[in-house]
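Following: one structure in C-alpha cells, then a few remarks.
What follows draws every value from the coordinates through simple rules; no lab data is involved. Computed from a predicted structure; not experimentally measured. Quick reminder, even Gly has a Cβ in these numbers, built from the backbone with ideal geometry, and neighbours come from all protein chains shown.
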Amino acid sequence: MSRKSFHQTFYLLGIIAASVAMPLSHFLMGLAGFLLFLNWIAEWNWQEKHQFIRKNRQGLWFSAFYLVYAIGLVHVTDWGAAGSEMLSKLPFLLAPLIIISSKPFNSRQLQYIFGSFILATLIGCIWNFFYAQTHILGNYREMSRFIDHIRFSLCVVMSIVFCVHYLLHPADKNSLLKYIYLVISLLLLFYLVYSQTLSGIIILMLITLCYIFYLIVNQKNNKLRWALGGMMGLLLTVAIVYIAYITYDYFHVKDPTPDTSELTASGNPYTFDENPMVENGHYIEYWICEPELEAAWTMRSDTDYNELTAATLRRYLNSLGLRKDSTAVMQLSDDDIRHIEQKTANVYYVQKGHLRRALYETYFGISLYKKHGIINESSMLERMELWGATWQVIRENWLLGVGIGQQRAALDRQLELQHSPIADKKKNRGSHNQYLTFWLASGIIPLLYFCFLLFYPFVSMPKRITFIYFALFLLLFLSMFVEDTLNAQTGRMLFSIFVPLLLFCGERKPGY
C-alpha cells in the first residue's frame, strides 16, 4: 500500500470509528477525532488539500463558526471553564475542514460509514433492551447505558432514516441487504417506542410526514399521489386518536360520586380533599385512610413510612383504581411493593414499551403545577422555567453574552435570584435550548451566524440537498429547541461530521 493509500484508508477507518462511537462511547469519539486530526496532518499534502477546499469552499463556513463563537472570549474571567468548552467544541472547526480538504468518499464508502453507525446503534439498542429486562429501572432514562437517552434517541432516529434510505435507494441490487435494512429499521422503531423518548418519537413522526409530503409533491401519478395523501392523513389521524384516547383515559373520572360517610373494612373513616387531582381516571385525594396505610405498609415493607413514601403509596394505589386503606395495601403484589419502595408512583411507570408512561408523567406534572404551583415533576415545565431564567440573563447581556464557559454559572445565579424551585435540582445543567445557550454564552452575533449556517446549504447548494440531509437537518434543528444538543459530544459529532459528509461527499444520484 502506498503512503497516500494508507492515509486515505486510515481516514475512512477513522470516520467509521467516529460513527460507531457516536451512540456507544464518549472516549472512542474523542480518540477517533484525535487520530483523524493526526492522520490529516501526517498526510502533508497541503497543495492537494487546497485544491479540494477550492472545490468545496462552502464547507469553510461551517469551520468558521468556531471562530465566530470565540467572540464570547472577549470578557471571560474563568479561563479554565472557557478553555475546556473551546476544546470540547474543536470538532466544529476541524471536522468540516478535514472532510472538505480530503478526497471525497464515494457512495459505497458512505454506505460503509452510515452502515457502521446503524450497526453500532442497533448494538446499543439490543444491549439497553436486555439491560431493561434484567434490571429494575427507577426511570426509563436509565435504559440508555452508553450515552444520555435523548442523544441516543437521535442516533436511533437517524439510523432509521439511513435504513429507509438504503432500503428505497440501495447502492447495489442485493435483495438480501434490503431485507436486512428493513428488519433493522423495524427493530430500531420498536426500541424507540419501547424506550418512550417522546422527543425522538415526535421528530421521527415529523420526518416521516415530511418525507410523505416530499413524495406527494414529486409524484406525477395522480392515483399514487392520492394514495400517499391518504397515508399521510391516516398517520396523522391514528396519532391524534391515540393521544386523545390516552388523554381521555387519564383525565376522565371513572369513580361515582363518593359516599363520604362510608367506612373502611376495619371501621375507620376516609378523608376526601375538596379539590382533588385526577390520575388514571381516579381522584388521588379521595378514599384515604392514613392510619391504615401506615400500619399496613409497616407490615409489608421495611422501608420507613415517611412523607414521600406515603405520597407514592397513595398515587400507586390510585393508579390501580384501589382505595387508600389497609385492604388495598394487602392486595398489592411483592413487585408492587418493590416499585413503591423505589418511589414509582404509578403502575404505568413500570410498564415497559408503553407510550402512556411518558404522557402520564407529563400530565401529572401539569396537574401538580395547576394545583400547587410545583414544576419539578414535569421536565417540560422545568425547561420553560430554565428558558425564562435564561432570557432574563440574555436581556442584560444580549450583545456579547456572559462569556464562554460562564453561561451555566450565570443561569444558576439567576435561578437562585428568582427563588426558582429548581435552583438546586438543575444546578449546572444549562438552558436546555441550544439557541439560547449560544446567545447566553457568546452573544447575538454567533447565534445569528449559527442560524445562517443551518439554512445556508438550502440556498447556496440546493442540488446537494437530499432528503436524507433534510432529515438530519430536521433532527438537529428541532432537538435544539428543547435540548443543548451540541453541548453533548454525540450532538457535536452528528453536526460536524455527518453534515459535511452528506453535503460534500458521495456521487449524486437521483433520490440520494
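Across the range 278-350, C-alpha contacts under 8 Å between residues 6 or more apart give a mean separation that, scaled by the residue count, equals a relative contact order of 38 percent. Amide H contacts under 5 Å for F105: G506, restricted to partners 5 or more places along the chain or on a different chain, H placed in the peptide plane at 1.01 Å from N. Whole-Hz Karplus values for the range 40-47 come out as 4, 5, 5, 4, 6, 10, 5, 5 Hz, taken residue by residue from phi with 6.51 cos²θ - 1.76 cosθ + 1.60 and θ = phi - 60°; glycine and proline positions read x. Picking from W297, I340, G321, whose Cα lies most toward the positive end of the charge dipole for the range 278-350 (charges on Cβ: Lys, Arg +1; Asp, Glu -1)? Checked the options; the winner is G321. Counting other Cβ atoms within 10 Å as a rough exposure proxy, the listed residues Y283, Y245, Y456, Y360 run Y245, Y456, Y283, Y360 from fewest neighbours to most.
Among the GluC sites (Glu not before Pro) in the range 272-324, those located in a DSSP loop and surrounded by at most 11 other Cβ atoms within 10 Å of their own Cβ are E274. On C-alpha positions alone, give me the angle between the axis of helix 149-168 and the longest principal axis of the chain, in degrees, nearest 10. Between the helix axis and the principal axis of the chain, the angle is about 60 degrees. For P(r) over Cα pairs in 10 Å bins from 0, in percent, computed directly from the structure shown, the correct entry in (1) 4, 20, 30, 26, 14, 5, 1, 0; (2) 3, 17, 23, 19, 15, 12, 7, 2, 0, 0; (3) 3, 16, 24, 23, 17, 10, 5, 1, 0, 0 is (3). When all alpha carbon pairs of the range 1-139 are counted in 10 Å bins from zero, the resulting P(r) reads 10, 31, 31, 19, 8, 1 %. Taking amide H as placed 1.01 Å from N in the peptide plane, the amide H of S266 sits under 5 Å from none that are at least 5 places away or on another chain. Diffusion coefficient of the range 239-359 by Stokes-Einstein, Kirkwood radius over Cα pairs, 10 °C, 1.306 mPa s: 106 µm²/s.
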